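Beneath this line is the structure, given in structure tokens, with notes to follow.
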Amino acid sequence: TMFHYRMNVTPPRDWSEWEDLVGAFAVHCVNRYGLEEVRQWHFEVWNEPNLSAFWSGTKKDYFRLYAGAARALKRVDEGLRVGGPASSKACWLGDLIAFCAENRVLIDFISTHLYPQDEFVEYADRAASPHAPGAFFAAVVRGAKAEVAASPMPGLPVHWTEWNTQLATSERDVTWSDNRYVDSLHGGSFVARHLVELDDAAESLIYWTASDIFEEGPIPNAPFSQTYGLLTIHGIPKATANAFRLLERMRGPRAGFASDGPLPEFCGGVATIEGDCVHVLLWNDVPPEIRGAPVWSDRICLPGDGDWIATESHVRAGAGSPFETWEAIGCPLNLTPVQLALLRQAAEPAMRARFHRGAEPFAFSLAPNEVLHIEFSPRGRESGSKPDRLSAEETARLEAQLGEKSRA
């Protein structure tokens, strides 16, 4: 068993009862939420059956479990979507597809899980890893897409239904319960970089989890506990949450932008155009095993030669990443109201606005693991002038009326 609720990880003693259970659950969902709603859901069969902690049966047993669940769901409604194997580290994907193709078992999507520190699980201290530092996560995600594309069912969408920013610097540092990189600044740049660079490599990348308050273990008692959430137990956004917030601003079609020099390793950016505004997102995603990485100082060029108001949102330690502020005040477990207010303030990205001439390159600097969003909005001819609400005659009359001496 695993976790505080002691889940059952064994194959069913009676396989027909497993199908009955899945079917009854699907009927309940349809009755409660309506068929059109439930048809939009994705029923993922089991969790990480390739790991003995989650499944005591064999791969063959899991395929039987999957087939029973798929039959039960499709009996309720053929439009219900079912998939798997929900495996760790992109394992069993091709095997499940081959099983379904050979046995005419329905499958609507592929799902799997990945963490960046899995590289040190697979390759002790990266000694035999084929991946350069910082390249493992993206390579595995793209490799899974290629594996599905080469399978008997090449059109299956791939959903990454569990991942986060748990990083490590060596095999000895791998930890699933005390990993600072889900709380610290590193997480923000990892999210920004990988969600942009892998936008075309998966149907979805679903972060695990939204909050440090979730069901796998007791609720943490520390403001930062290296738990998996985007938000702390007090609802304070971490650097990862702020990266998602900045990504949400990247609306509109992509646009190109050029920098003065070649992009340094681990650095990058993306631009979009929304109406008459240009959005730019930049990151310096140095992996923690690289020490002493330099600040990325560069300039970017924007299309056109108009004048802009550049509004910056900068995620850095103590401004958009509150974890470092908590460390700086000694990691108190029981926050005073003032300390809580301090951390909420430290969770907000640093913002400033400045005028920029479009014909001139726009200068910026990003220290390792910082993220920067810039909104360029056009500076119109009316900027800098006082809006006219009343005519000159009406303004004079109003001034005289408001400045009248009191009557006796």
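The C-beta contact set for region 330-342 (first residue in contact (Cβ under 8 Å) with a residue 60 or more places away in the chain, second residue in a loop (DSSP other than H, G, I, E, B) and surrounded by fewer than 10 Cβ atoms within 10 Å (Cβ to Cβ), distance under 8 angstrom, 6+ apart or interchain) comprises 333/221.
Kindly establish whether residue 3 is touching a residue at least 60 places away in the same chain (Cβ under 8 Å) and either surrounded by fewer than 16 Cβ atoms within 10 Å (Cβ to Cβ) or in the same structural domain as residue 56 (by TED's automatic domain parsing) (or both). Taking the combined requirement at face value, the residue satisfies it.
Counting only strands (runs of 3 or more DSSP E) that sit wholly inside region 171-286, those with at least 1 residues that are outside the structural domain of residue 47 (by TED's automatic domain parsing) and touching a Gly at 6+ places or on another chain (Cβ under 8 Å) are 267-274, 277-284. Taken over region 175-224, the residue count meeting the criterion of being acidic (Asp, Glu) and within 28 Å of residue 250 (Cβ to Cβ) is 6.
Which one is surrounded by the most Cβ atoms within 10 Å (Cβ to Cβ) among residues in region 295-307 that are touching a residue at least 60 places away in the same chain (Cβ under 8 Å) and under 18 Å from residue 260 (Cβ atoms)? If we take residues in region 295-307 being touching a residue at least 60 places away in the same chain (Cβ under 8 Å) and under 18 Å from residue 260 (Cβ atoms), then 296 is surrounded by the most Cβ atoms within 10 Å (Cβ to Cβ).
With the structure loaded, tell me whether residue 43 is of a type in the set (Phe, Trp, Tyr), buried (at least 18 other Cβ atoms within 10 Å of the Cβ), within 29 Å of the chain's Cα centre (by Cα) and not in a helix (DSSP H, G or I) or whether it fails that test. Taking the combined requirement at face value, the residue satisfies it. Cβ-Cβ distance below 8 Å, separation of 6 or more or different chains: which pairs start in region 95-109 with a residue that is in the same structural domain as residue 82 (by TED's automatic domain parsing) and end on one that is of a type outside the set (Val, Ile, Thr) and surrounded by fewer than 14 Cβ atoms within 10 Å (Cβ to Cβ)? Going by the 8 Å Cβ cut-off, the qualifying pairs are 97/152; 98/152; 101/152.
The values are calculated or read from the model by the stated rules, or taken from the named source; none is laboratory data. Everything quoted here is computed from the prediction, not taken from an experiment. In this analysis, Cβ positions are derived from the backbone assuming ideal geometry, glycine residues included, and neighbour counts consider all displayed protein chains.
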